[in-house]
Ligand SMILES: *Cc1c(COP(=O)(O)O)cnc(C)c1O
């Protein structure tokens, strides 16, 4: 059994003592002071800080120990399986970090003259070409900072296209299946559309008859995830595209989960007009490492004129930032996107090559199906929708029987998994499955690690029948016991920093 490290670690603000410093080379300190002083002189009073920042003074070894201990009380992709469905939490090759951190790449400034940043422009240009090729689209913008941001850009592009055709007043509806990620209806609503939700059929795919009944001259477009959030490939995709195109709508592809299709199938070829992909899921940097992401958007030739500025262009000799796009929707973000995340993707694609990407896709599908078969056979769990149908990158298991028979819920199972040194899967999503456990193993974990997860789940389900309280009270072996989830996310008690915590403490 696993036991997570428990350190009685104070916040760093409490560790400091006046006068403690890190390692400084002799002579450097004075030079730094002189530089800071001269920069300070250059600042106008209006933007100069009036009081010193309240930073703790610590030795280097204190800092290293502090963060090492915190990391030991944490769980990350480097610790083991991280099977969050719909998130594609892959292992992140360290070389991608190293390349993205090369000073020649990380130290350039977005306001530099384009003549001095030819290298990075070339990289961006090439990533755009690769993403076009991978998605089967004509042109790609790397600007969006996340999947949801890509969706917003995509729906704004729909809007721009309708405006051009003088159809804004008439086409006000965006259709979304009930299995969609919550960001889809949110993005469509933000772009000013009315959202029309259609149910899934018994096989977990879009109900084509339901789609036909809502598709009309009011339809601006359909937002679709394929494979959908059940991990099932929409077999009727060609017919779906035809239905939407025939009524004059656009087809939007939520490609947050492109992993299983890499090198095997392209949304552009399926008839999609607008495609967003999550770089920070499929192409390394899982979920931005907790930070920013990148949600590039690819479009058809007709829609390319609306993409945000500036576009990176190449005249055969030099790369340029092109602002001269009169039909562009303008800017959706400062500069060129989240470069560090894009650089990791560049390194990732280069190191994998086409065959490597294809193999990653195939292995991710194999792993998800292995998981589904093994987990579905456990007493208390079941596979919703057609259990004979193979899944793509992920599978959704339901703990509904377990809940009915023992009172142990999907949430309890997820919490108990932490006691085995495993990250919990996504739970209660997609909304169409009761007691959902959504599992995406990805291609980056070996079979032994998948088996460890399967064995742990089996043991937990057995416990649910024999000693349910053990599961209900989990986790027991983690550095932090079960969190109060309401307190952790309620605006009144949520504290994202030490300063915020102190302020809230004073208020409540
Ligand atoms: C993750 C995800 C999104 C949203 O991406 P973010 O980068 O988190 O905004 C949208 N759709 C699907 C299917 C996803 O899995």
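Some notes on this structure:
- For the stretch 69-109, convex hull of alpha carbons as volume per residue, Å³: 124 Å³
- Normalising by residue count, the stretch 334-410 has a Cα convex hull of 157 Å³ per residue.
- Two-site FRET efficiency, residue 97 against residue 71, from Cβ-Cβ distance with R₀ of 25 Å, rounded to 0.05: 0.95
- In this structure, residue 483 and residue 301 have a Cβ-Cβ separation that, at R0 = 45 Å, corresponds to a calculated FRET efficiency of about 0.35.
- Of the beta bridges in the chain, as assigned by DSSP with both residues counted there, near 55 percent are antiparallel.
- Summary value for the chain: 19 percent relative contact order, contacts being C-alpha pairs under 8 angstrom separated by 6+ residues.
- Residue separation of residue 404 and residue 35 scaled by 0.36 nm, minus their Cα-Cα distance, works out to 126.0 nm of gained length.
- Cα pair distances exceeding 26 angstrom across the stretch 54-183, given as percent: 55 percent
- Derived value for the stretch 12-80: Kirkwood hydrodynamic radius 15.3 Å. Basis is the mean of 1/r over every pair of different alpha-carbon atoms.
- Residue 322/residue 469 FRET efficiency (R0 45 Å; Cβ-Cβ; nearest 0.05): 0.10
- The mean sequence distance of close C-alpha pairs (under 8 Å, at least 6 residues apart), as a share of the length of the stretch 359-489, puts its relative contact order at 27 percent.
- Cα Rg over Rh - the chain, Kirkwood: 1.00
- With the convex hull of its Cα atoms as the shape, the stretch 181-309 has an orientation-averaged projected area of 8.7 nm².
- Cα gyration tensor, the stretch 178-249 - rounded (a/c under 1.5), prolate or oblate: oblate
- For the stretch 395-445: relative contact order, % (alpha-carbon pairs under 8 angstrom, 6 or more apart): 41 percent
- Estimated 222 nm signal from helices in the chain, with DSSP H stretches of n ≥ 4 weighted -39500 (n - 2.57), rounded to 500: -12000 deg cm²/dmol
- Over the stretch 113-179, the ratio between the Cα radius of gyration and 2.2 N^0.38 Å evaluates to 1.48.
- Ranked by the mean number of other Cβ atoms within 10 Å of their residues, highest first, the peptides 117-126, 228-237, 318-327 come out as 228-237, 117-126, 318-327.
- Placing a label point 7 Å from the Cα of residue 57 along the Cα-to-Cβ direction, the residues of the stretch 3-27 with a backbone N closer than 19 Å are 12-27.
- Across every direction, the projection of the convex hull enclosing the Cα atoms of the stretch 359-489 has a mean area of 8.4 nm².
Quick note: the coordinates plus some simple rules give every number you see, no bench work behind them. For clarity, every value in this text was computed on a predicted model and none was experimentally measured. Glycine gets a Cβ as well: all are built from the backbone with ideal geometry, and neighbour counts include every protein chain shown.
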